[in-house]
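To keep things clear, I will list the structure first and then write my remarks on it.
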Amino acid sequence: NGRENDTPHSYWGKIAELIFLGEFVEVRRILCCIVLGEDCAQKVFDRMSKPLLYRKRSISFGLVQILEKNMFREIENLESFGGQSSSRSQGTFVQVRHKSGGGWRPKKKVYHRVHELDKAIDSKKKPTLILELKSIIQAQKRGSILLRDLEKHVGFVHKWNLMAAIEKYPSIFYVGGGNREPPFVMLTEKAKEIAAEEGEVTESMEPLLVNNLRKLLMMSVDCRVPLEKVEFIQTAMGLPQDFKSTLIPKYPEFFSLKVINGNVHLALENWDSSLAITAREDRLSREGLLEPMENRKKVRITKDGNFLGRNAFKISFPPGFRPNASYLEEFEKWQKMEFPSPYLNARRFDAADPKARKRVVAVLHELLSLTMEKRVTCAQLEAFHSEYLLPSRLILCLIKHQGIFYITNKGARGTVFLKEAYAGSNLIEKSPLLLFHDRFVALCGRRQASLCNEMQSSREGGPELMWLVKSIMGKEPKGRTIKSHSTIPIFRPESHSCSETKGH
């Protein structure tokens, strides 16, 4: 920069000495003093991040890093440092912004968490285990299953979670067997009574499930969806496990199975315009908000983002999100903007059109409304890209509309919630099937059923069996010895003797 003549020779001698000693941080400090002046360099140096200062780089790279003009993005007005009158005492104050490989680093966007919805994921872990084990037991012909056979249904790792549930909830699961009979698990008498009501509940929900399945097909561009994708989302929609052999053949006027390009598709046979009404429109009609605008007073959007209009969505901004006036003005325009129905063919609209983008939000809203718990995993939502012509950057679309949807990474998979369907961590409207599940899971908190189960176990050798289960789980009490006829070698992963297994 033409300043080397003005630089004291001691500077260069000091730099050579520090390079030899490997003190690169001090070298960079001196280089800043040479280029910018001591006072200005000190302020720049204080604003440099520690990872940048202590990164092990060559001196040549350090020189370029200090002297490169692109490193300084914002240059403020000249100001004097220390009040000195010499030209060296005046410098340019620079705010340092570090460059990344793809250009200037954008401003970090904060995604606000909703802790109540995060708790909704955690609170479902126990019911999911109980209901899964109930389904496995009910699928057996005798209504019971050997403990050693759990691995065949759920795998080696998940088997231990079910074993823990068996031990933890004796009011629901009864362990039998003993002597030379291998231990098995079955439902208690009270659990059997409640489980017997599941058939009536499923039968009463059949019309709702059929309509939801028809709506799922009506929203697709070709009125058909691959059968494997319907199976992927069947649990979220509340469909029975055997819906392919029971529900679909029962309604040939609505559904049919067709093989297209080697894949089996579930196709819609008849279009019903009365079903082409979204859950959002149904809610607005119940609230009387679908009447013409001239019959109602003119309203403005509130600070929480909600707007009373036939094209508006119900908004629930996360805690900590404070929209300013300009944001609310733009959001009001978006809430007032008309958009096509999700049940119209998506091929008719340009994806870049703002109305078509709002229609995508309505499609996601309707898809979540068709599920039992008004939530699906991110993988289930991504599976319907081609059927609904969803945007390629679907996650960004969900994040942009965080007042309508919420994404949580709690649990094994990411989950997308429809926020208006929840009050805190509780679902507002529950289907009869969910109410039945809640009633069955509530047995785990009943002390009387637990005492009855213990009395029944004591009459049939139950304490010995429960000690056996605890030993299998790695909780064997000290001082106990295993009898010669025990079946533990069948379950313990470290001993799989063929002779012992055949003997049992």
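The values are calculated or read from the model by the stated rules, or taken from the named source; none is laboratory data. Everything numeric here is computed off the predicted structure, so don't read it as measured data. Using ideal geometry, Cβ is built from the backbone for each residue, glycine included, and neighbour counts are taken over all protein chains shown. Surface accessibility is based on the protein's heavy atoms, side chains included, excluding ligands, DNA and RNA. Shrake-Rupley method; radii C 1.70, N 1.55, O 1.52, S 1.80 Å.
Here are some notes:
- Computed about the Cα centre, the dipole magnitude for the stretch 230-279 is approximately 100 debye when only Lys and Arg (+1) and Asp and Glu (-1) carry charge, each at its Cβ.
- Each peptide in 247-254, 419-426 receives the mean, over its residues, of other Cβ atoms within 10 Å, and ordering these scores from highest gives 419-426, 247-254.
- Euclidean distance between Cα centres, the stretch 109-161 to the stretch 223-291, Å: 27
- THR128 - accessible surface, heavy atoms, 1.4 Å probe, Å² rounded to 10: 80
- Within-14-Å neighbourhood charge of TYR406 [Cβ basis; K, R +1; D, E -1]: +4
- Peptides 429-438, 268-277 ranked from most to least packed, by the mean per-residue count of other Cβ atoms within 10 Å: 429-438, 268-277.
- Put simply, when 394-400, 164-170 are sorted by average Cβ atoms within 10 angstrom per residue, most first, you get 164-170, 394-400.
- Too-long pairs where the Cα-Cα distance tops 21 Å, listed order kept, from LYS124/LYS374; LYS192/LYS229; LYS229/LYS400; LYS192/LYS430; LYS190/LYS250; LYS126/LYS215: LYS192/LYS229; LYS229/LYS400; LYS192/LYS430; LYS190/LYS250; LYS126/LYS215
- Each of PHE440, PHE184 has its accessible area taken with a 1.4 Å probe; listed largest first, they run PHE184, PHE440.
- Per-residue accessible area (protein heavy atoms, 1.4 Å probe) orders ARG148, ARG28 as ARG148, ARG28, starting from the largest.
- Taking the Cα centre of the stretch 242-399 as origin and assigning +1 to Lys and Arg Cβ atoms and -1 to Asp and Glu Cβ atoms, the resulting dipole is close to 500 debye.
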